[in-house]
Amino acid sequence: MRSVSDHLAAIVARLTALPPLRLPLLEAAGTVLAEEVRSPVDLPPFDNSAMDGYAVRAADLAALPVTLPVVADIPAGSVATTGVTPGTAARIMTGAPLPEGADTVVQVEWTDGGVREVRIDRAPPLGTSIRRAGGDVRRGDVVLAEGVRLGAAQLGIAASAGRAELLVRPRPRVVVLSTGDELRVPGTPLEPGQIWDSNSFMLAAAVAEAGGVALRRSFVGDDPAKVRAVLDEQLEHADAVITTGGVSMGAYDVVKEVLSGGGEVEFSKVAMRPGKPQGFGLLGGRVPLFTLPGNPVSAYVSFQVFVRPALRYLQGLAPEGLPAVTAVTESALTSPAGLQHYLRASLTFEDGRYRVSPASAQDSHQMRALANSSGLIVLPADVTELPAGGEAEVLRLPS
Ligand code: AMP
Ligand code: MG
C-alpha cells in the first residue's frame, strides 16, 4: 500500500499549472495572479485633502478666531488656479489637490463654513489632513506579488494602480461525474434499490471551494461503453475530471474496468481510511483524472486530501490540503495500524486552545456526521491510540 503523502506526490509530479491568461479585472476575481503588479504612479498621485474644509497656511492661525478671505473653491477632480498666499484660505473638498502655498487643512466643522470669507475657530497642527503624494504607494512599487488569490481588496489595489486587466491562472474547469446504476437525481422519485446521487453535488461544491469551476456531469450508469464515451467527451473542455464509484473490488466496478487497460490510470491502494481505493492518471494523456471511491465520505475525504492540493497546483499555488490546527482530544481515540485515519469531529476553540471531539458515526456512508462536523482528526498510520487529553492534528473543514 502507498502512503497518503506518496500518493499525493505521485499525482503532483504529473501535473502542470494551467497557462496564464489575461483577464479583465472583474473576471479575474477569485483567480491567482501570475504576474507582479506595480503601480505606474505615486498613490495618491498628488498631495490632497483628507477632509472637507479649508486649505490654509498654519502661520495664519496663530491668534484665534481668525477670519480669512476665501480665494479659491476646489472640489475633487479640479485643480485650483489661485494659490493660497499669506492671510488667505481656499475651500477644499476631500480628495481635491492641495493648492499652491497651503500647508494645512482645517476641517469644516472647526469653521463657520463661509464661502467668501471663513471664520476659523480652532487651529490644527501644521500639516494636518494632508495626504501626501506617494503616501500609500511609490511609483514603481510592487502592490501585489505573483501567486496571490485575487479577492476584493486585491482587485481594489490593482484598479487603484490603473490596471484594467491582469495576467492570472484561470480557475480550473473540473468535470464531476458520478457512476452507478443505483443513482437517481435528487428531486425525482426512488424505486427500490435506488439512492439519490449526492457525490456529484458535494464535489461540485468542493471544487468551487478550492477555486475551480465545477461542471457537474450528473451520473452515468455502470455501463463500460457509456462511461468511456462520457469520459472522452470531457477532454474537450475539462482541465481535470473527477469520477466517483466503480473503483473497488466488486463485480461491476466500471471505472476500473474501463480505465485499467491502457495504463491511462494507475489504481492504487492508499493506506488511509476512509478512501483506500484511489486512481489517478492523465485522460487522453493530458487531462488529470481522479477516480475516487463511491462512498460519499470516502469521496469527500479523498477530494480534500488529493484533489484540493492538485487543483491548487493547477492554479500555480503550493499543493496544500486543508489548513490544520493542533487540538486536544476530548475522548480516547483508536485507529487501525498501518492506515492514516481521518475522523469526523467537531472542533472548538476554548480557553486559548482548540478542542476536538470525534463524531460517533465514522462509517464511510454516514454523511450526516460529515455534514455536521467542522474538522477531520488525522491519526497517522503509526498511531493506534491516543488518550483523552492528547494532541492531534485536525484539518479544518471549509465553513
Ligand atoms: P461503488 O464504489 O460504486 O461500489 O460505491 C460504493 C458505495 O457508494 C455504494 O453504496 C454506492 O451506492 C455509493 N455511492 C456511489 N456513488 C454514489 C453517489 N454518487 N452518491 C451517493 N452514493 C454513492
Ligand atoms: Mg458503483
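Please treat every number below as a calculation from the coordinates, not as lab data. Quick caveat: nothing in here was measured; it's all calculated off a predicted structure.
Can you pull the percent of Cα pairs in the chain with separation above 28 Å?
Percentage above 28 Å: 61.
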* State whether the stretch 324-396 is rounded, prolate or oblate according to the following rule on the C-alpha gyration tensor (a ≥ b ≥ c being the square roots of its eigenvalues): a/c under 1.5 gives rounded; otherwise a/b larger than b/c gives prolate, and the remaining case gives oblate. => oblate
* **the chain: antiparallel DSSP beta bridges as a percent of all, rounded to 5** => 70
* Using θ = phi - 60° and the Karplus relation 6.51 cos²θ - 1.76 cosθ + 1.60, list the HN-Hα couplings for the stretch 46-61 in order, rounded to whole Hz, with x at every Gly or Pro. => 8, 4, 8, 7, 8, 9, 7, x, 10, 7, 9, 9, 4, 4, 6, 9
* Sequence-distant residues sharing a close amide H with Val213 (under 5 Å, placed H) -> Arg173, Val174
* Asked: With θ set to phi - 60° and the Karplus curve 6.51 cos²θ - 1.76 cosθ + 1.60, what are the ³J(HN,Hα) couplings of the stretch 250-265 in order, to the nearest whole Hz, using x for Gly and Pro?
  -> x, 7, 10, 7, 5, 5, 4, 4, 6, 9, 5, x, x, x, 5, 10
* Each residue of the stretch 85-94 in turn: what ³J(HN,Hα) in whole Hz from Karplus with 6.51, -1.76, 1.60 and θ = phi - 60°, glycine and Pro shown as x? -> 9, x, x, 10, 9, 10, 6, 9, 9, 4
* To do: Would you grab the residues whose amide H sits under 5 Å from the one on Met272? Only those 5+ places off in sequence or on another chain, please, with H modelled 1.01 Å from N.
  => Gln340
* Kindly identify the stretch 48-131 as rounded, prolate or oblate by the Cα gyration tensor criterion: order the square roots of the eigenvalues as a ≥ b ≥ c, call it rounded if a/c is under 1.5, otherwise compare a/b with b/c, prolate if a/b is larger, else oblate. => rounded
* Structure fact -> Only helices counted: for the chain, with every DSSP H run of 4 or more residues adding -39500 (n - 2.57) and the sum spread over all residues, [θ] at 222 nm is -4500 deg cm²/dmol
* To do: Pull out a ≥ b ≥ c, the square roots of the eigenvalues of the alpha-carbon gyration tensor of the stretch 1-66, then state rounded if a/c is under 1.5, prolate if not and a/b is larger than b/c, and oblate in the remaining case.
  => prolate
* **GNM result for the chain, Cα springs below 10 Å: residue of Tyr313, Tyr354, Tyr300 fluctuating most strongly** => Tyr354
* Structure fact -> Long-range amide H partners of Glu100, meaning residues 5 or more apart or on another chain whose placed amide H is closer than 5 Å, are Val84
* To do: Distance between Cα centroids, the stretch 344-359 to the stretch 20-47: provide it in whole Å.
  => 40
